[in-house]
Amino acid sequence: MSEIDNGEDLKTRVAWLYYVEGMTQDEVAQQVGLNRARVLRILANARNDGTVQIRVTTKLSECVELERKLEEVWGLEKAIVVPTPRDARETSRVIGQELGGFISANVKADMTIGLGWGETLTRGVPAIEPSAAKGVKVISLLGGLTRVENINPSEFAWRVADKLEAECFMMAGPVFAPDCETRDALMKHSGISEVVDKSSNLDMAILSLGDLTPHSVFVRYGLLSAEEINSLEMAGAVGDVLCRFVDAEGNIVDHPVNDRVFAVHPHDLRRARKIVLASGGWHKVKILRASLQMLHPAVLITDVEAAQRLVMEG
């Protein structure tokens, strides 16, 4: 096997032979001089990192019906509903892939795009196709996280900007300041003021939503203490929008955690020309409903299970 068959070239060659030329896995293994198990691993990696993107060009009638109902009930410009995966852990991935396709199709020259954070958004990055649009600006709408693995807001914004060959503006600071005085001081920094000013004139704001169930990143990565999460729930919080916690009607709850958030205020996003929400799963229904009331987004990308509940509860 030659040197050119290593790394990215090998992955691309294996994917091409299997998906484009239609070879069997055994035939691919023989062609590239690997065993079948290695070929399987390469094909799986190619799917996961976006080297291979498979799109189904028709929709289930159930999804189409739910899209129309969501648009009618919630006044959406566009609803996109994907089938709920058998494995609930895959929900963020399938919604993220759909979001990546939406971003690819809707980025135009000189757009300013504001980005939230979350696993759903992060898992959509591989599905974003490089864009020829010039003058695009990507704005991270919140500070970074210090105790999380692969869904840091600033890294996510940078990765999207890299895909779109866009200029990137980030809020350099922790998303949860130690106290409100520190948060206020950070917001007065000239560089941060520039980011906040740019966020007041967004062509598109793209957000995922957080919940307070055991699935939540706040729980999983210990971003908030158990006492803080319990007291947020006691205050009526059902989840967060840009790390500000809101109740079931979409009102920001009166809680000390909200006073420490280093992020653009969700209410300021109402000036965006288009707001896109991308979240799903049964555990996100309450915060989805609250956010629909709070932000009146133009676009919702979700799954069948969440869509059915939102239609019934609308």
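Looking only at residues in the range 4-45 that are of a type in the set (Asp, Glu) and surrounded by 12 or more Cβ atoms within 10 Å (Cβ to Cβ), the one that is farthest from Pro126 (Cα to Cα) is Glu27.
One line per residue, one yes/no per condition, for (1) under 19 Å from Trp117 (Cβ atoms); (2) more than 19 Å from the chain's Cα centre (by Cα); (3) hydroxyl-bearing (Ser, Thr, Tyr):
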{"site": "Arg260", "(1), (2), (3)": "yes, yes, no"}
{"site": "Lys274", "(1), (2), (3)": "yes, no, no"}
{"site": "Leu277", "(1), (2), (3)": "yes, no, no"}
{"site": "Trp282", "(1), (2), (3)": "no, no, no"}
{"site": "Val285", "(1), (2), (3)": "no, no, no"}
{"site": "Gln293", "(1), (2), (3)": "no, yes, no"}
{"site": "Ala298", "(1), (2), (3)": "no, no, no"}
{"site": "Met312", "(1), (2), (3)": "no, yes, no"}
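When the residues of the range 218-249 are filtered to those that are in contact with a Phe, Trp or Tyr (Cβ under 9 Å, 6 or more places away or on another chain) and touching a residue at least 40 places away in the same chain (Cβ under 8 Å), the one that is surrounded by the fewest Cβ atoms within 10 Å (Cβ to Cβ) is Leu223. Within 26 Å of Ser193 (Cβ to Cβ) and in a helix (DSSP H, G or I): which single residue out of Leu288, Leu292, Leu269, Leu310 fits that description? Leu269 is the lone residue from the list that is within 26 Å of Ser193 (Cβ to Cβ) and in a helix (DSSP H, G or I). Which of the residues belonging to the range 187-237 are hydrophobic (A, V, I, L, M, F, W, C) and part of a loop (DSSP other than H, G, I, E, B)? Listed by number, the residues that qualify are Leu202, Leu209, Leu212, Leu223, Leu224, Ala235, Ala237.
A count restricted to the range 275-314 and to residues that are at positive phi and buried (at least 20 other Cβ atoms within 10 Å of the Cβ) stands at 1. Gln293 falls short on exactly one of the conditions (1) in contact with a helix residue (DSSP H, G or I) (Cβ under 6 Å, 6 or more places away or on another chain); (2) under 20 Å from Ala237 (Cα atoms), and that condition is (1). Assess whether Leu232 counts as being aliphatic (A, V, I, L, M), closer than 24 Å to Met294 by Cβ and assigned by TED's automatic domain parsing to the domain that holds Ile139. Criteria met by Leu232. Filtering the range 262-274 to residues that are hydrophobic (A, V, I, L, M, F, W, C), surrounded by 22 or more Cβ atoms within 10 Å (Cβ to Cβ) and in contact with a helix residue (DSSP H, G or I) (Cβ under 8 Å, 6 or more places away or on another chain) leaves Val264, Leu269. Scan the range 36-47 and tell me whether some residue there is within 24 Å of Ala105 (Cα to Cα) and at pLDDT below 90. The answer is yes, given that some residue of the range 36-47 is within 24 Å of Ala105 (Cα to Cα) and at pLDDT below 90.
The values are calculated or read from the model by the stated rules, or taken from the named source; none is laboratory data. None of the values given here were measured: they were computed from a predicted structure. Every residue, glycine among them, receives a Cβ derived from its backbone with ideal geometry; neighbour counts consider all protein chains shown.
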